[in-house]
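Every number in this text was worked out from the coordinates using simple rules, so none of it is lab data. Note that the coordinates shown come from a computational prediction; the quantities given were computed from them, not determined experimentally. Cβ placement follows ideal geometry from the backbone for every residue including glycine, while neighbour counts extend to all protein chains displayed.
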Amino acid sequence: MTSDAVSQAFMPDFADANVFACIIRRASWSLFFGRPILQKKEVATKKVECRIDTQFRAPMDGLIAAVGSTVVKKLQDARAAASDGPTGASQPNASAASRATSDIRIITKNKDVRLLELATHMPGFLRAADDTPGAPAVETKWDGIVKVIGRGKGTTMPSKYLDKSIMPPGIWENIDTILADCSRLRTLARICAEAYNDAQAYPDDSENWAGFQGPKNVIIFAKWPILAYAVQLWFEKLDDARFQSAFIHSGLAGDERQKIVDWFSDFHEHQGGSGGSYSAKTHTKVLITTYALCGTGLDGLKVANYCVHFGITKNVNDVDQATGRIDRQGQPLKSFVYHLESMTEPLDQLTALMRDTRSALFGEGGLLGEVMRLFNQ
């Protein structure tokens, strides 16, 4: 190719030619051999406030006060230690960045903050922690839990986890308390019922969903595996004939995770057991997982058009990547994205500040000032 031809290739008129149009001018509705390359419909996004129910308010307020006092003391001690350091006054920007890193570590590693975060999602965790004198403590560390639950139970998909033989004793003994009715779980049930009643029709194409108008699928993302596990147990305990749920966690090998994705992607099921007829599915399938496992890497999840973020997180990229699972490869239906949050609670407010406002990290007071303000210290 001559130099003139090279320059011409990047001129607008040439870019409109067939050679380049197929590369740089493809729109979402473009066709390849008569089929859409990428198809995305409307996305409805909604933030849902999940207030702490009245019966949990008093113990929550007690925990909030204790967390505020403990965290403020730790942040103050860290600042005092830094000011007494051997290097003396450091550069302001470096000092602010170092302080922010230290503050975040102190907050995220605090066991009372962890309990408060669990209780903000599902207040039953707090009640179980308070109501178990002499009983096994409720296990919340995933490294220990995952060794007990294994791959779940059952020979058919999806596996079950609500079984005493594969549950940590503290969780088994307190399961009714942990899964106590609360606003966030009621909201989740309403969203799944909405998906079940969604009568949108999939296009009559060569995909597994061709022409399907029945119950739609839901994917739920949680920040922590203990929360995803609790949601799976809740679905099993709920025992609602409209829903089937599956749980992808770190204890599953890659091929086991793929089997769940394959099940989730199948719009047909056996009616009347394994020996029955094979026809269109009659359930809303629910896939429960964490941002770390399925927020990236797993494609083909556009078979769900409902996405639920079970709680607030300070990492915007995690949320965006996870939401993209349902339409990154195209979504032929209107999809719905729900963000469940408790913005009247100080911990969710603090998380949102760390996500949205640099001054919360690097301002004059940093996170110490925000914790003192939000936790009334």
Requested in this report: Give the long-range amide H neighbours of H268: residues separated by 5 or more places, or on another chain, with amide H under 5 Å away, using H modelled in the peptide plane at 1.01 Å from N.
Outcome: K281
Requested in this report: Straight distance only, please: which lysines reach the Cα of K73 with their own Cα at less than 19 Å, same-chain residues fewer than 8 apart left out?
Outcome: K109, K111
Report task. Please report, in cubic angstrom per residue, the volume enclosed by the convex hull of the alpha-carbon atoms of the range 43-374. Result -> 153
Requested in this report: Name the long-range amide H neighbours of E139: under 5 Å, sequence gap of 5 or more, or other chain; modelled H, no Pro or chain starts.
Outcome: G170, I171
Query - Order by protection proxy (mean Cβ within 10 Å, highest first), peptides 278-285, 107-114, 188-195 - result: 188-195, 278-285, 107-114
Query raised in the report: If we sort 118-124, 335-341 on the protection proxy, mean other Cβ atoms within 10 Å, highest first, what's the order?
Result: 118-124, 335-341
Requested in this report: Taking a cut-off of 17 Å between Cα atoms, list the aspartates and glutamates near K74, but don't count ones fewer than 8 places away on the same chain.
Outcome: D84, D103, D112, E370
Query - Under-5 Å amide H pairs with S245, H placed in peptide plane, nonlocal only - result: V286
Query - Proximal lysines relative to K41, as straight alpha-carbon distance under 19 Å, when same-chain residues fewer than 8 apart are discounted - result: K216, K302, K334
**Report entry** Residue-wise HN-Hα coupling along the range 304-318, computed from phi with Karplus coefficients 6.51, -1.76, 1.60 (Hz; x: Gly, Pro)
**Finding:** 10, 10, 10, 10, 10, 8, 5, x, 7, 9, 7, 9, 4, 4, 4
Report task. Rounded to whole Hz and in sequence order, give me ³J(HN,Hα) for the range 46-52 from the Karplus expression 6.51 cos²θ - 1.76 cosθ + 1.60, θ = phi - 60°, writing x for Gly and Pro. Result -> 9, 8, 10, 7, 10, 6, 5
Query raised in the report: For A280 and A193 in the same chain, what is the full-extension length gain: residue separation times 0.36 nm, less their Cα-Cα distance, in nm?
Result: 29.5 nm
